[in-house]
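First comes the structure, then the notes that go with it.
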Amino acid sequence: MAERGPGPTARLVIALVLAFGIASVQGLAVLPYVFVLAIGLVLASGQWRMVLRRMRGPALLALGLCVVLPLGSGTTVLAELGPFRLRLEGLEAAALIAGRLLSIVAVTLALLAALPPFQLVAGLRSLRLPALLADLALLTLRYLDEVTAELRRAHLARQIRGGHRGWRALPDHATLLATGLIRAQARSERVWAAMRLRGYGAGLAMPLARLRARDWIGMSVALIAALGVIWLDRVL
Amino acid sequence: MHLPDGIVPVEMALAGYACSAGLMALALHRIKARPDPQAEIPRVAMLTTVFFAASLVAVPVPPTSVHLMLAGLMGVTLGWFAVPAVLVGLFLQAVLFGHGGITALGLNGVVFALPALLAFGIWQQIGRRWPDLGAFLAGSGAVILALALFATIVLAGLPAELDAAAERMALRIFVLAHVPLALAEGVIVLTLLRVLRRVERRLLYHG
């Protein structure tokens, strides 16, 4: 998909345009069209398994909203079961918020989650993001897996050794975190030395080449789709 | 404690972007005034990676387990660099894991970056004279400010037709449920800064 579809810069723009278009939806009638748009993008990305896996958290949140809002908010009672009352306004609000949430997350993940880190950061640089932010993002992504694995190993080792439980375990966690920070400080000195040796000056990630025709087409289609969603929301 | 996509109106989300951009511009201005800001990028990136990774690990805080926010600790160790670090972390969480959201990025930036700066201020003002008190207040205070900002944004952003009393009650429960997190982060920052003061003072931000 990364080879065939729009480039990273265009993907970032498309994701933002579509996300804000979907976020501006106020009525339930347009939600089916939004779902079609989101599902279409997820299928076109060829990454639907990864998108579904990463949507577990947002889906749980949406489920929570769909349980809490209809039972706890609104005045028009639709049904009653013991102490529970299902209310129309809460149900509508829950459907709207959950629909927008899941669609935006699906669109974002379908467009951006599969991009290699360097391309993602280069895309940000092309959007005139300060070099400091782009370099920070690139280095963070570069070392994230390594540091996460180190921290998980340290937590596992602590559990195996036994030790305190509950509140009394908090200082142990703080000590593990301190160890991680001290290692990070040492690693950062090596990284900075390597960066200087390679002639670091204007940022690690260079801005990408100019946008190609398919990037412009993709962004135009996204803008039309977002405006279409907003227009449909007004007229339906 | 991330604001997800789709909860608040678009106007609020855009206002959040504007506020975060303002905070970012102020932070960059302060960062550029430092002697060699480029040399600090690897250090800030490595610490951001540790904070990011640590926030993914659940820590037991009875009666449950929680993911730490660490905004206070970021403020104390990164100072003004905490603002770009927070925004980078939130962006990566949104686009890679679907946590938070791309439209709510600006608002989430405010919810996390302002408490980090508050913690930085507390540490600078109180921590020098009473380090343990400063550390605890920085850790807990950041969580409490983040909760207050989060609750205010959600109350202002939810649809008007919803039951305001029910909304307030739900938020009150949410805030009370996070009180143990505020205490836990206070204890963690206190313990951690004791270690860093003894072993690696360079990790404490000066300036």
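Where q = 0.08, 0.09, 0.12, 0.18 Å⁻¹, what log10 of I(q)/I(0) comes from the Debye formula for chain A, counting one point per Cα?
Here log10 of I(q) over I(0) equals -0.48, -0.60, -0.91, -1.23.
Considering only the other residues whose Cβ falls under 14 Å of the Cβ of B:Ala135, what net charge follows from Lys and Arg at +1 and Asp and Glu at -1? The partial results should precede the final answer.
On the way: positive: B:Arg128, B:Arg129, B:Arg194, B:Arg197, B:Arg198, B:Arg201; negative: B:Asp132, B:Glu185.
It works out to a net charge of +4.
Can you run phi through the Karplus equation (6.51, -1.76, 1.60; θ = phi - 60°) for the range B:189-194 and list ³J(HN,Hα) in whole Hz, with x for Gly and Pro?
In residue order, the calculated couplings are 5, 4, 5, 5, 5, 4 Hz.
With an 8 Å cut-off on Cα pairs and a minimum separation of 6 or more residues, tell me the relative contact order of chain A in percent. Don't skip to the end; give the middle numbers.
Numbers: 237 pairs, mean separation 83.4, N = 236.
Relative contact order, chain A: 35 percent.
Report, in deg cm²/dmol and to the nearest 500, the calculated mean residue ellipticity at 222 nm for the protein assembly as shown, where each DSSP H run with n ≥ 4 adds -39500 (n - 2.57) and the sum is divided by the residue count.
-23500 deg cm²/dmol
With +1 on each Lys and Arg Cβ and -1 on each Asp and Glu Cβ, and nothing else charged, work out how big the dipole of the range A:142-236 is about its Cα centre, in Debye to the nearest 20. Write out the running numbers ahead of the final one.
Numbers: 16 positive and 7 negative charges, 66 e Å.
Using Cβ point charges on Lys, Arg, Asp and Glu, the range A:142-236 gives about 320 debye.
Do me a favour and compute the ellipsoid semi-axes for the range A:130-197 from its Cα gyration tensor, root of five times each eigenvalue, largest one first, whole Å. Walk me through the numbers before you get to the answer.
Details: eigenvalues 184, 28, 23 Å².
Largest first, the range A:130-197 gives 30, 12, 11 Å.
Give me a single rounded figure for B:5-14: the average over its residues of other chain Cβ atoms within 10 Å of their Cβ.
6
Work through the residues other than B:Arg201 whose Cβ is under 13 Å from its Cβ and net out their charges, Lys, Arg +1 and Asp, Glu -1. Before the final figure, lay out the partial values.
Details: positive: B:Arg128, B:Arg194, B:Arg197, B:Arg198, B:Arg202; negative: B:Glu200.
Residues near B:Arg201 contribute +4 overall.
Would you mind counting up the charge near B:Thr103? Only other residues with Cβ under 15 Å from its Cβ, with Lys and Arg at +1 and Asp and Glu at -1. Mind dumping the intermediate values first?
On the way: positive: A:Arg100; negative: B:Asp5, B:Glu11.
Local net charge: -1.
If I take the Cα coordinates of the protein assembly as shown and project them onto the principal axes, what are the three extents in Å, biggest first?
64, 59, 41
Ratio to report: Rg/Rh of the range B:10-203, with Cα atoms as the point set and Rh obtained by the Kirkwood method; give two decimals. Each step should come with its number before you reach the end.
Numbers: Rg = 16.9 Å, Rh = 17.3 Å.
Rounded to two decimals, Rg over Rh is 0.97.
Considering amide H positions built from the backbone, and no H for Pro or chain starts, which residues 5 or more places from A:Leu78, or on another chain, come under 5 Å of its amide H?
Excluding prolines and chain starts, which carry no amide H, the hits are A:Leu86, A:Arg87, A:Leu88.
What is the distance in Å between the Cα centroid of the range A:165-186 and that of the range A:21-81?
After rounding, the separation between the Cα centres reads 38 Å.
Throughout, read-outs are computed from the coordinates displayed, never taken from laboratory work. This one's a predicted model, so the numbers in the text were calculated from it and none came from an experiment. For neighbour counting, all protein chains shown are included, and Cβ atoms are generated from backbone atoms with ideal geometry for every residue, glycine included.
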